């Protein structure tokens, strides 16, 4: 999850123009995607996500993000929604069932990691229900002062264990946390 230094994952209207990246960070994002065989998403950000990455695959083979785009288009995507039953896009399934039951069933199946690409409310729901085992934060060197957060009203405290920190030339710090025991 990309996040600002002051804890926002998007601007008040979902803006992400503050995101910073470089080739090495893009390689890490690709590696994370390659270690996964399922992508979970909330409905609100899905259309823009699918449109962007399918456009790269279909129209921009020279784009440096092409191989990542190919992976994100090809990976099975499960979109959680209470309002729609289908969403156009390659390898997209809409799930209207109970979030906790569905995610726990997915986690119990053999396979690779399950990757989450938000949005903010969806990620917050997963965190609140303690369905996230590992956090990958890409802390961007920006203070935006207002916007969308993923750590709202979580109830009880959750202790995390820092596993790694990697600094990138673009100013991003990649932090990996596991749930503390």
Legend entry - Set 176, 165: member being in a strand (DSSP E or B), without any contact (Cβ under 8 Å) to a residue 12 or more places away in the chain, in contact with a strand residue (DSSP E or B) (Cβ under 7 Å, 6 or more places away or on another chain) and farther than 17 Å from residue 42 by Cα: 165
Inset, instruction - Test residue 88 against the stated conditions and say whether it is surrounded by fewer than 16 Cβ atoms within 10 Å (Cβ to Cβ) and more than 27 Å from residue 175 (Cα to Cα). - result: yes
Legend entry - Selected residue (only one of 96, 140, 104 is in contact with a strand residue (DSSP E or B) (Cβ under 6 Å, 6 or more places away or on another chain) and modelled with pLDDT of 95 or more): 140
Inset, instruction - Scan the stretch 124-162 for residues that are in a loop (DSSP other than H, G, I, E, B), over 20 Å from residue 13 (Cβ atoms) and touching a residue at least 24 places away in the same chain (Cβ under 8 Å) and jot them down. - result: 129, 130, 131, 132, 133, 141, 153, 154, 155, 158
Inset, instruction - Could you tell me whether the stretch 93-109 includes any residue that is touching a residue at least 60 places away in the same chain (Cβ under 8 Å) and part of a helix (DSSP H, G or I)? - result: yes
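The values are calculated or read from the model by the stated rules, or taken from the named source; none is laboratory data. What you see is a predicted model, and the numbers here were worked out from it, not measured in a lab. Glycine also receives a Cβ, built like all others from the backbone with ideal geometry; neighbour counts cover every protein chain displayed.
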